[in-house]
Amino acid sequence: MLKALARENVDCTACQRIGGFATALSAIFMNARGERTIVTYRDERIAAAPPDDPERVVNAADAVLADNRYPEFVRPICEAARRRNLPVVLDGDRPTIEDDPLFRVASHVIFSWECLRETTGVADLGEGLRRIAGRTDAFLAVSNGPDDIVYLDRGRVCRLPVFKIAAVDTLGAGDAFHGGFVMALAEGRNEVDAMRFGAAVAGIKCTRIGGSAGAPRRAEVEAFMARHAATPAAQPGAAGAPQQVD
C-alpha cells in the first residue's frame, strides 16, 4: 500500500506503522448507477494508537485534512496544526455526537449528509449545520451527493450547486471533494471557491471507474472549471454559483 502511494508521489515519511496489526481492507460493490456499498475489515485496536510526534507530522504542512474515524489519533495532530495557525479541515464521515471535541479543534468541518443527519437527528441539512454551529466556530458545510452543497455563511444557510455529470462510479467522491477543498484552501482561495474546486475534482472522478485511480490531475480540473466558467455559471442557480437560502 505504501509503495502504491509512493508511485502517486505521496510522501509517506510520516506514516506510522504499528506492529502486529493488519492494514484495513475493503470490498466494494457497485450498481449500474455508479452507487457503491463498502464492506470494510479493520483492526479496531488501531483506534487506541496515539501519534508518535504530532509536531513533526505538521512541521512542513500548509494545511491538515483529517477524518473522524480515529479521533484519538488525529486530534493531537489537528491541535498541533492549529498551534501553527494552519487550516484544519475535518471530514465528518463517521456519526458522532454534536459536542464532539474535534469540531472545536478544526477550522473547517465538512460533513457527509449521512453523518450530519445521524449525528444531529435532524433531516434538514441546514438546520443540522446550525445545531453544530452552536458548539464550534469552524466553517461548516455538508456535501449531498449530486445535490447542492449546503453551508453556513454568518449563520445564513446557503447552497452551492455542484457540476452536472454522468456518474459511473461514486467511489472516492467524498475524498476527492475534501482533497480538492483543502488544497485550494491551502493555496489561499476562500471557502466558496475552494468548495467549487473540490466539487470539480469530485465531479470528474465520478465519471471514471476507480477510487484513487479515477482521480483527475490538476490540469484536468482547471480545464473543466474553465469550460464551465465560459457558460452562464456565474448566474445564480447555475453550477458552481452560490445561492443564499435564508
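Pairing each residue of region 1-29 that is touching a residue at least 40 places away in the same chain (Cβ under 8 Å) with any residue that is basic (Lys, Arg), provided the two are 6+ apart or on different chains, yields C-beta distances under 6 Å for ILE28/ARG36. Filter region 215-231 for residues that are under 11 Å from PHE163 (Cβ atoms), assigned to a helix (DSSP H, G or I) and not aliphatic (A, V, I, L, M) and give the result. Across region 215-231, the qualifying residues are PHE224, ARG227, HIS228.
The number of residues in region 1-52 being of a type in the set (A, V, I, L, M, F, W, C), over 17 Å from ILE209 (Cβ atoms) and open to solvent by 100 Å² or more (accessible area, probe 1.4 Å) comes to 2. Annotation note: of VAL109, VAL74, the sole residue that is β-branched (Val, Ile, Thr) and under 15 Å from PRO54 (Cα atoms) is VAL74.
Quick check on my filter: what residues within region 149-182 are free of Cβ contacts under 8 Å to residues at least 60 places away in the same chain and either surrounded by fewer than 20 Cβ atoms within 10 Å (Cβ to Cβ) or on the phi > 0 side of the Ramachandran plot (or both)? If the condition is that a residue be free of Cβ contacts under 8 Å to residues at least 60 places away in the same chain and either surrounded by fewer than 20 Cβ atoms within 10 Å (Cβ to Cβ) or on the phi > 0 side of the Ramachandran plot (or both), then LEU152, ARG154, GLY155, ILE165, ALA166, GLY172 are the ones that fit.
For region 40-53, state whether one or more residues are among the aromatic types (Phe, Trp, Tyr) and under 17 Å from the mean Cα position of the chain (by Cα). No, because not a single residue in region 40-53 is among the aromatic types (Phe, Trp, Tyr) and under 17 Å from the mean Cα position of the chain (by Cα). Within the option set ALA81, ALA61, ALA66, being surrounded by 15 or more Cβ atoms within 10 Å (Cβ to Cβ), in a loop (DSSP other than H, G, I, E, B) and under 19 Å from the mean Cα position of the chain (by Cα) holds for one residue only, ALA61.
Residues of region 193-207 that are buried (at least 17 other Cβ atoms within 10 Å of the Cβ) and touching a residue at least 24 places away in the same chain (Cβ under 8 Å): MET195, ARG196, PHE197, ALA199, ALA200, VAL201, ALA202, GLY203, ILE204, LYS205, CYS206.
The values are calculated or read from the model by the stated rules, or taken from the named source; none is laboratory data. All values reported here derive from a predicted model rather than from experimental measurement. Glycine gets a Cβ as well: all are built from the backbone with ideal geometry, and neighbour counts include every protein chain shown. With ligands, DNA and RNA removed, areas are computed over all heavy atoms of the protein, side chains included. Shrake-Rupley method; radii C 1.70, N 1.55, O 1.52, S 1.80 Å.
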